[in-house]
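As C-alpha coordinates, the structure follows; a few thoughts come after it.
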(Lines give C-alpha, C1' and ligand atoms only; values in the text may rest on other atoms or scores of the structure.)
Protein backbone atom coordinates (compact mmCIF):
# COMPACT_ATOMS: atom_id res chain seq x y z
CA UNK A 1 0.00 0.00 0.00
CA UNK A 2 1.21 3.53 -0.83
CA UNK A 3 2.75 5.14 2.23
CA UNK A 4 0.71 8.27 1.54
CA UNK A 5 -2.34 6.37 2.71
CA UNK A 6 -1.59 6.68 6.39
CA UNK A 7 -4.00 5.05 8.79
CA UNK A 8 -4.55 7.12 11.89
CA UNK A 9 -6.20 5.95 15.04
CA UNK A 10 -8.23 8.63 16.74
CA UNK A 11 -9.46 9.11 20.29
CA UNK A 12 -11.98 11.34 22.02
CA UNK A 13 -10.39 14.22 23.90
CA UNK A 14 -13.69 15.00 25.60
CA UNK A 15 -16.98 13.09 25.53
CA UNK A 16 -18.79 16.44 25.65
CA UNK A 17 -17.03 18.11 22.72
CA UNK A 18 -15.77 15.45 20.35
CA UNK A 19 -14.85 16.39 16.81
CA UNK A 20 -13.22 15.17 13.68
CA UNK A 21 -10.27 16.94 12.05
CA UNK A 22 -10.87 18.35 8.59
CA UNK A 23 -8.51 16.79 6.09
CA UNK A 24 -7.33 17.57 2.58
CA UNK A 25 -4.50 15.04 2.54
CA UNK A 26 -4.65 11.32 1.80
CA UNK A 27 -5.00 10.11 5.35
CA UNK A 28 -7.63 7.48 6.12
CA UNK A 29 -8.55 7.20 9.76
CA UNK A 30 -9.70 4.35 11.94
CA UNK A 31 -12.88 4.66 13.95
CA UNK A 32 -13.31 2.36 16.92
CA UNK A 33 -16.54 0.38 17.51
CA UNK A 34 -17.14 2.51 20.60
CA UNK A 35 -16.98 5.72 18.61
CA UNK A 36 -19.09 4.17 15.86
CA UNK A 37 -21.77 3.56 18.49
CA UNK A 38 -21.58 7.22 19.45
CA UNK A 39 -22.10 8.16 15.82
CA UNK A 40 -25.01 5.73 15.37
CA UNK A 41 -26.76 6.90 18.53
CA UNK A 42 -26.65 10.54 17.48
CA UNK A 43 -24.21 11.91 20.03
CA UNK A 44 -22.55 14.13 17.42
CA UNK A 45 -24.11 16.73 15.15
CA UNK A 46 -23.24 18.68 12.01
CA UNK A 47 -22.05 15.72 9.94
CA UNK A 48 -24.05 12.91 8.37
CA UNK A 49 -22.56 9.46 7.93
CA UNK A 50 -22.64 6.69 5.36
CA UNK A 51 -21.73 3.18 6.52
CA UNK A 52 -20.40 0.96 3.71
CA UNK A 53 -20.26 -2.80 4.19
CA UNK A 54 -17.78 -4.17 1.64
CA UNK A 55 -18.39 -7.83 2.47
CA UNK A 56 -19.97 -10.11 -0.10
CA UNK A 57 -23.79 -10.20 -0.38
CA UNK A 58 -24.20 -13.54 1.40
CA UNK A 59 -22.26 -12.15 4.38
CA UNK A 60 -24.27 -8.95 4.35
CA UNK A 61 -27.60 -10.77 4.00
CA UNK A 62 -26.73 -12.88 7.03
CA UNK A 63 -26.55 -9.79 9.19
CA UNK A 64 -25.15 -6.27 9.02
CA UNK A 65 -24.94 -3.02 10.90
CA UNK A 66 -28.05 -0.86 10.92
CA UNK A 67 -28.42 1.33 7.82
CA UNK A 68 -25.25 -0.09 6.20
CA UNK A 69 -25.09 -0.21 2.40
CA UNK A 70 -23.58 -3.26 0.71
CA UNK A 71 -20.91 -1.98 -1.70
CA UNK A 72 -18.34 -4.59 -2.72
CA UNK A 73 -17.17 -3.53 -6.19
CA UNK A 74 -15.36 -0.44 -7.40
CA UNK A 75 -18.05 0.10 -10.04
CA UNK A 76 -20.79 0.33 -7.40
CA UNK A 77 -18.77 2.78 -5.35
CA UNK A 78 -17.95 4.98 -8.34
CA UNK A 79 -21.57 5.12 -9.44
CA UNK A 80 -22.81 6.11 -5.99
CA UNK A 81 -20.20 8.71 -5.14
CA UNK A 82 -18.87 10.05 -8.43
CA UNK A 83 -21.62 9.82 -11.08
CA UNK A 84 -22.68 13.14 -9.54
CA UNK A 85 -20.27 14.06 -6.72
CA UNK A 86 -21.84 15.63 -3.67
CA UNK A 87 -21.41 19.36 -3.25
CA UNK A 88 -21.45 18.98 0.54
CA UNK A 89 -19.26 15.90 0.81
CA UNK A 90 -17.10 17.53 3.45
CA UNK A 91 -20.07 17.19 5.81
CA UNK A 92 -20.36 13.45 5.20
CA UNK A 93 -18.41 10.85 7.14
CA UNK A 94 -17.83 7.70 5.08
CA UNK A 95 -17.10 4.58 7.13
CA UNK A 96 -15.92 1.40 5.39
CA UNK A 97 -15.78 -2.05 6.92
CA UNK A 98 -15.52 -5.68 5.89
CA UNK A 99 -15.28 -8.80 8.05
CA UNK A 100 -12.07 -7.76 9.81
CA UNK A 101 -11.41 -4.42 8.06
CA UNK A 102 -8.01 -5.77 7.07
CA UNK A 103 -8.29 -6.09 3.29
CA UNK A 104 -11.52 -5.42 1.45
CA UNK A 105 -12.51 -2.26 3.31
CA UNK A 106 -9.03 -0.64 3.09
CA UNK A 107 -8.90 -1.48 -0.62
CA UNK A 108 -12.23 0.21 -1.30
CA UNK A 109 -11.35 3.20 0.89
CA UNK A 110 -8.10 3.65 -1.01
CA UNK A 111 -9.93 3.42 -4.35
CA UNK A 112 -12.45 6.03 -3.25
CA UNK A 113 -9.68 8.38 -2.19
CA UNK A 114 -7.70 7.84 -5.42
CA UNK A 115 -10.76 8.47 -7.60
CA UNK A 116 -11.61 11.53 -5.55
CA UNK A 117 -8.06 12.83 -5.87
CA UNK A 118 -8.06 12.25 -9.64
CA UNK A 119 -11.34 14.15 -10.03
CA UNK A 120 -10.46 17.04 -7.72
CA UNK A 121 -8.17 20.01 -7.86
CA UNK A 122 -5.57 19.61 -5.12
CA UNK A 123 -5.93 20.03 -2.19
CA UNK A 124 -9.73 19.89 -2.51
CA UNK A 125 -11.53 16.56 -2.01
CA UNK A 126 -15.22 15.83 -2.52
CA UNK A 127 -15.14 13.40 0.42
CA UNK A 128 -12.33 14.26 2.85
CA UNK A 129 -13.75 12.34 5.84
CA UNK A 130 -13.03 8.67 5.13
CA UNK A 131 -12.84 6.10 7.93
CA UNK A 132 -12.36 2.37 8.42
CA UNK A 133 -14.21 0.61 11.23
CA UNK A 134 -11.54 -0.91 13.43
CA UNK A 135 -11.84 -4.69 13.61
CA UNK A 136 -14.69 -4.76 11.10
CA UNK A 137 -17.97 -6.60 11.51
CA UNK A 138 -16.20 -9.34 13.46
CA UNK A 139 -15.18 -7.07 16.32
CA UNK A 140 -18.39 -5.03 16.28
CA UNK A 141 -20.54 -8.18 16.33
CA UNK A 142 -18.66 -9.76 19.23
CA UNK A 143 -18.48 -6.51 21.16
CA UNK A 144 -22.03 -5.26 20.67
CA UNK A 145 -23.98 -8.32 19.53
CA UNK A 146 -26.08 -8.04 22.68
CA UNK A 147 -27.46 -4.71 21.37
CA UNK A 148 -29.78 -5.61 18.45
CA UNK A 149 -30.67 -1.98 17.80
CA UNK A 150 -27.29 -1.53 16.10
CA UNK A 151 -27.86 -4.38 13.63
CA UNK A 152 -30.21 -5.49 10.89
CA UNK A 153 -33.25 -7.58 11.71
CA UNK A 154 -32.50 -11.21 12.68
CA UNK A 155 -28.77 -10.55 12.35
CA UNK A 156 -26.09 -13.19 12.68
CA UNK A 157 -22.48 -13.67 11.62
CA UNK A 158 -21.62 -15.38 8.33
CA UNK A 159 -17.91 -15.59 7.57
CA UNK A 160 -16.47 -14.92 4.13
CA UNK A 161 -15.20 -18.51 4.06
CA UNK A 162 -18.38 -20.17 5.28
CA UNK A 163 -18.42 -23.63 3.63
CA UNK A 164 -22.04 -23.13 2.55
CA UNK A 165 -21.04 -20.31 0.23
CA UNK A 166 -17.88 -21.56 -1.47
CA UNK A 167 -19.17 -20.97 -5.00
CA UNK A 168 -20.53 -17.53 -4.15
CA UNK A 169 -17.23 -16.59 -2.54
CA UNK A 170 -15.28 -17.52 -5.68
CA UNK A 171 -17.67 -15.56 -7.86
CA UNK A 172 -17.46 -12.39 -5.81
CA UNK A 173 -13.70 -12.65 -5.40
CA UNK A 174 -13.42 -12.35 -9.16
CA UNK A 175 -15.21 -9.00 -8.99
CA UNK A 176 -12.89 -7.49 -6.40
CA UNK A 177 -10.48 -4.63 -7.20
CA UNK A 178 -7.59 -6.83 -5.98
CA UNK A 179 -8.63 -10.42 -6.49
CA UNK A 180 -5.21 -11.98 -5.90
CA UNK A 181 -4.15 -10.24 -2.70
CA UNK A 182 -2.46 -12.58 -0.24
CA UNK A 183 -4.17 -12.49 3.16
CA UNK A 184 -0.79 -12.67 4.86
CA UNK A 185 -0.02 -9.31 3.26
CA UNK A 186 -3.10 -7.48 4.39
CA UNK A 187 -3.49 -3.96 3.04
CA UNK A 188 -3.93 -2.70 6.57
CA UNK A 189 -1.32 -3.69 9.09
CA UNK A 190 -1.11 -1.31 12.05
CA UNK A 191 2.40 -2.48 12.84
CA UNK A 192 3.68 -1.38 9.43
CA UNK A 193 1.99 1.97 9.04
CA UNK A 194 2.39 5.10 11.08
CA UNK A 195 -0.49 5.65 13.43
CA UNK A 196 -1.27 8.99 14.96
CA UNK A 197 -3.91 9.53 17.58
CA UNK A 198 -6.06 12.52 16.79
CA UNK A 199 -8.72 14.00 19.02
CA UNK A 200 -12.12 14.47 17.43
CA UNK A 201 -12.60 18.26 17.39
CA UNK A 202 -15.34 19.39 14.99
CA UNK A 203 -18.35 17.08 15.21
CA UNK A 204 -21.10 17.67 17.70
CA UNK A 205 -23.47 15.12 16.31
CA UNK A 206 -23.80 12.88 13.29
CA UNK A 207 -27.20 12.08 11.86
CA UNK A 208 -28.39 9.92 8.97
CA UNK A 209 -31.21 10.10 6.48
CA UNK A 210 -33.34 7.02 7.04
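The values are calculated or read from the model by the stated rules, or taken from the named source; none is laboratory data. Owing to the predicted nature of the structure, the values given are computational and were not obtained by experimental measurement. We place every Cβ from the backbone using ideal geometry, glycine too, and count neighbours over all the protein chains shown.
Looking at region 113-133 only, could you name the residues that are in a loop (DSSP other than H, G, I, E, B) and closer than 19 Å to residue 98 by Cα? I'd like the intermediate steps shown before the answer.
Looking only at region 113-133, we keep the residues that are in a loop (DSSP other than H, G, I, E, B), and these are 120-129.
129, the sole residue that qualifies.
Only one of 156, 179, 210, 192 is exposed (fewer than 14 other Cβ atoms within 10 Å of the Cβ), modelled with pLDDT of 95 or more, part of a loop (DSSP other than H, G, I, E, B) and out of contact with any strand residue (DSSP E or B) (no Cβ under 9 Å at 6 or more places or on another chain); which?
Values: 179 fails: modelled with pLDDT of 95 or more; 210 fails: modelled with pLDDT of 95 or more; 192 fails: modelled with pLDDT of 95 or more.
It is 156.
Assuming residue 169 fulfils every condition listed in (1) more than 19 Å from residue 51 (Cα to Cα); (2) without any contact (Cβ under 8 Å) to a residue 60 or more places away in the chain; (3) part of a helix (DSSP H, G or I) apart from one, which condition is it?
(2)
Could you check region 106-128 and list, in sequence order, the residues that are touching a helix residue (DSSP H, G or I) at 6+ places or on another chain (Cβ under 7 Å) and either surrounded by fewer than 19 Cβ atoms within 10 Å (Cβ to Cβ) or in contact (Cβ under 8 Å) with a residue 60 or more places away in the chain (or both)?
Residues satisfying the conditions are 108, 111, 115, 119, 125, 128.
Does residue 81 count as farther than 25 Å from residue 159 by Cα and either within 12 Å of the chain's Cα centre (by Cα) or part of a helix (DSSP H, G or I) (or both)?
Values: farther than 25 Å from residue 159 by Cα: yes; either within 12 Å of the chain's Cα centre (by Cα) or part of a helix (DSSP H, G or I) (or both): yes.
Yes.
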